[in-house]
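Below you'll find the structure, written out as structure tokens, and then a few comments.
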Amino acid sequence: MSEDMEAGEAGWLGDKIISSGLPDKRLARRMHRLLDQMTSAPGHPIPAACGDWAATKAAYRFFDNPRVTEHGVLAGHFAATARRCADNEGPILIVQDTTEFTYSRPRLGKIGFTKTINAGAYKAGRSYPDLGTRFLVRVQTNRLATEPTGSIPEQGAHRVFAQLSAEPWVGCHCVKIGQNEIARLHVKFATIETLPPKGKRKRYAPQLLTYIHALEINPPADRAPIDWKLVTNLPVGDITAAVEKLEWCALRWKVEVFHKVMKSGCGAEKARLEIADRLAKFLALIAVVSWRIFFLTMSAREKPEAEPETILTPAEIATLDSIDASRPTPRILRRTLASYLLQIAMHGGYLARKHDPPPGNMVVWRGLARLNDIAFGISIGTRRQCE
């Protein structure tokens with residue numbers, strides 16, 4: 001199979017928008033090839049994923065090409081994400097989490113700058129406009145607040161948690177923990193005028209923010225109780241809106257899982273590229289691969305009845321069908337995304353017992369790697385039959 005055919009038949013890889021940020025078709029084809037190789041062998045070093053010296057050298061040249069940039073690698077993926085967002089009628093949540101990638105090298109001067117920190121000093125007269133950003137974050141700092149009368153308190157005189165604790169509980173909310181446990185939470189909220197830190201009051205005005213507190217009722221003795229305090233500048237007028245924000249915050253674990261896929265599944269920190277610019281391009285490519293593994297896993301949970309073609313490539317589907325046809329008793333009884341993902345996960349070590357949780361990202365990335373090996377073996381056997 002030629003490189004062009006692989007890129008064209010690879011489903012999500014075959015969408016031309018994914019490489020729209022690259023300057024020419026040759027680089028676009030190489031990016032498709034690298035995405036295909038790294039998706040088929042997640043966690044493997046670049047030489048192992050590429051398979052031979054010629055392909056490995058082509059990969060190194062791609063990362064070393066000054067016409068290829070981190071933004072160019074991600075531009076098509078961002079455009080595809082924007083297109084999916086435009087098709088969604090509900091709210092779009094931008095879930096954020098911080099993570100760091102560590103690259104230690106014997107010659108530190110060669111790698112260059114890998115991180116910058118905005119530490120600009122305050123300049124008198126500089127304006128800080130309100131960009132209209134809406135946020136919802138977990139809060140730990142007990143900040144100063146204005147008194148209910150509107151006066152500004154002295155340091156330590158009055159804080160937001162004191163006002164929040166004075167509010168009555170307004171309702172209850174139940175959340176599922178694991179497979180069988182249900183936790184009941186008291187919920188309250190309060191709108192409090194919050195002061196900026198003392199050293200920043202010349203630059204920023206007080207903000208009217210809503211604090212939400214959720215505290216578990218009668219928690220079990222074998223774990224810490226659920227105790228969430230959230231702050232937002234979104235309107236929260238009733239218990240329904242407060243619970244909605246709690247459910248949004250519960251989605252934060254997904255971005256943590258995504259970073260786990262990048263590090264553990266795709267081996268983001270194992271790359272031996274020695275220059276920061278090359279590493280940035282590599283991480284951009286790995287981010288797309290990690291997203292695909294994560295998206296496959298989550299899509300099968302959210303839309304199990306979807307057709308497998310919506311996520312899987314034709315080659316992956318054909319390989320799974322061939323494996324299933326060789327069994328005395330077929331396992332794929334329904335042509336759904338969940339059925340096909342289950343088979344991928346079982347190749348990665350998922351046992352599919354009656355009370356097991358849904359397949360996770362770990363067994364999926366292992367299953368994809370093994371599925372690629374099986375597909376390669378099938379292709380060899382097919383060629384020999386044709387000769």
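The values are calculated or read from the model by the stated rules, or taken from the named source; none is laboratory data. Bear in mind the structure is a predicted one, so any value in this text is a computation, not a measurement. So basically every Cβ, Gly included, is an ideal-geometry build from the backbone, and we count neighbours across all protein chains shown. In case anyone asks, the SASA skips ligands and DNA or RNA and just uses the protein heavy atoms, side chains included. Shrake-Rupley method; radii C 1.70, N 1.55, O 1.52, S 1.80 Å.
Which count do you get for residues in region 94-105 that are open to solvent by 80 Å² or more (accessible area, probe 1.4 Å) and within 21 Å of Trp253 (Cα to Cα)? First the steps, then the outcome.
Residues of region 94-105 that are open to solvent by 80 Å² or more (accessible area, probe 1.4 Å), as a first pass: 94, 96, 98, 100, 102, 104.
Those left that are additionally within 21 Å of Trp253 (Cα to Cα): 94, 96, 98, 100.
The total comes to 4.
Given region 249-365, what helices (runs of 4 or more DSSP H) lie entirely inside it while holding 1 or more residues that are open to solvent by 60 Å² or more (accessible area, probe 1.4 Å)?
Details: elements: 253-260, 276-302, 314-325, 337-347.
Once the helices (runs of 4 or more DSSP H) in region 249-365 are filtered for at least 1 residues that are open to solvent by 60 Å² or more (accessible area, probe 1.4 Å), what remains is 253-260, 276-302, 314-325.
What are the pairs, 6+ residues apart or on separate chains, where a residue within region 145-164 that is of a type in the set (Gly, Ala, Ser) and in a loop (DSSP other than H, G, I, E, B) has its Cβ under 9 Å from a residue that is at pLDDT 55 or above and open to solvent by less than 40 Å² (accessible area, probe 1.4 Å)?
These pairs meet every condition: Gly156/Leu144; Ala157/Leu144.
The conditions are (1) surrounded by 13 or more Cβ atoms within 10 Å (Cβ to Cβ); (2) modelled with pLDDT of 65 or more, and Pro153 fails exactly one of them. Which is it?
Unmet condition: (2).
Give me the pairs: first residue in region 218-241 and charged (D, E, K, R), second residue part of a loop (DSSP other than H, G, I, E, B) and modelled with pLDDT under 95, beta-carbon distance under 6 Å, and six or more apart or on different chains, which are they?
Hits for this filter: Lys229/Val139.
I need the full set of residues from region 34-50 which are open to solvent by less than 60 Å² (accessible area, probe 1.4 Å) and not hydrophobic (A, V, I, L, M, F, W, C), in order please.
Listed by number, the residues that qualify are Asp36, Gln37, Thr39, Ser40, Pro42, Gly43.
Can you tell me which residues in region 185-218 are loosely packed, with under 15 Cβ neighbours inside 10 Å, outside any helix (DSSP H, G or I) and charged (D, E, K, R)?
Arg201, Lys202, Arg203
Output yes when any residue across region 41-50 is without any contact (Cβ under 8 Å) to a residue 40 or more places away in the chain and outside any helix (DSSP H, G or I), and no when none is. Let's see the steps before the verdict.
First, the residues of region 41-50 that are without any contact (Cβ under 8 Å) to a residue 40 or more places away in the chain: 47-50.
If we keep only those that are outside any helix (DSSP H, G or I) too, we end up with none.
Scanning region 41-50, I find no residue that is without any contact (Cβ under 8 Å) to a residue 40 or more places away in the chain and outside any helix (DSSP H, G or I), so the answer is no.
With Ala300, Ala325 as the choices, which residue is in contact (Cβ under 8 Å) with a residue 12 or more places away in the chain and of a type in the set (Gly, Ala, Ser)?
Ala300
For region 366-381, how many residues are within 17 Å of Phe294 (Cβ to Cβ) and either open to solvent by 60 Å² or more (accessible area, probe 1.4 Å) or not in a helix (DSSP H, G or I) (or both)?
Total satisfying the criteria: 1.
Of all residues being part of a helix (DSSP H, G or I) and β-branched (Val, Ile, Thr) in region 68-91, which is farthest from Val289 (Cα to Cα)? Just the residue, please.
Checking each candidate, the answer is Thr81.
Could you please find all residues in region 180-210 being in contact (Cβ under 8 Å) with a residue 40 or more places away in the chain, more than 17 Å from Ala162 (Cα to Cα) and within 29 Å of the chain's Cα centre (by Cα)?
Passing the criteria: Ala183, Leu185.
So Asp64 ticks every box in (1) at pLDDT 90 or above; (2) within 20 Å of the chain's Cα centre (by Cα) but one. Which box is left unticked?
Here Asp64 meets the rest and fails (2).
Among the numbered criteria (1) closer than 27 Å to Arg301 by Cβ; (2) without any contact (Cβ under 8 Å) to a residue 40 or more places away in the chain; (3) out of contact with any Leu (no Cβ under 9 Å at 6 or more places or on another chain); (4) not acidic (Asp, Glu), which one does His259 miss?
Failed condition: (2).
Out of region 53-79, which residues are aliphatic (A, V, I, L, M), open to solvent by less than 20 Å² (accessible area, probe 1.4 Å) and touching a residue at least 40 places away in the same chain (Cβ under 8 Å)? Step through it out loud before you land on a result.
We begin by selecting, within region 53-79, every residue aliphatic (A, V, I, L, M); these are 54-55, 58-59, 68, 73-75, 79.
Add one more test, that the residue is open to solvent by less than 20 Å² (accessible area, probe 1.4 Å), and what stays is 55, 59, 68, 73.
Of everything in region 53-79, those that are aliphatic (A, V, I, L, M), open to solvent by less than 20 Å² (accessible area, probe 1.4 Å) and touching a residue at least 40 places away in the same chain (Cβ under 8 Å) turn out to be Val68, Val73.
Among the residues of region 95-117, is there at least one that is of a type in the set (Asp, Glu), closer than 19 Å to Val288 by Cα, out of contact with any Gly (no Cβ under 7 Å at 6 or more places or on another chain) and in a loop (DSSP other than H, G, I, E, B)?
Yes, some residue in region 95-117 is of a type in the set (Asp, Glu), closer than 19 Å to Val288 by Cα, out of contact with any Gly (no Cβ under 7 Å at 6 or more places or on another chain) and in a loop (DSSP other than H, G, I, E, B).
Among the residues of region 82-93, are any under 17 Å from Phe282 (Cα atoms), out of contact with any His (no Cβ under 9 Å at 6 or more places or on another chain), open to solvent by 40 Å² or more (accessible area, probe 1.4 Å) and modelled with pLDDT of 85 or more?
If we filter region 82-93 for residues that are under 17 Å from Phe282 (Cα atoms), which is where we start, we get none.
No, that holds for no residue.
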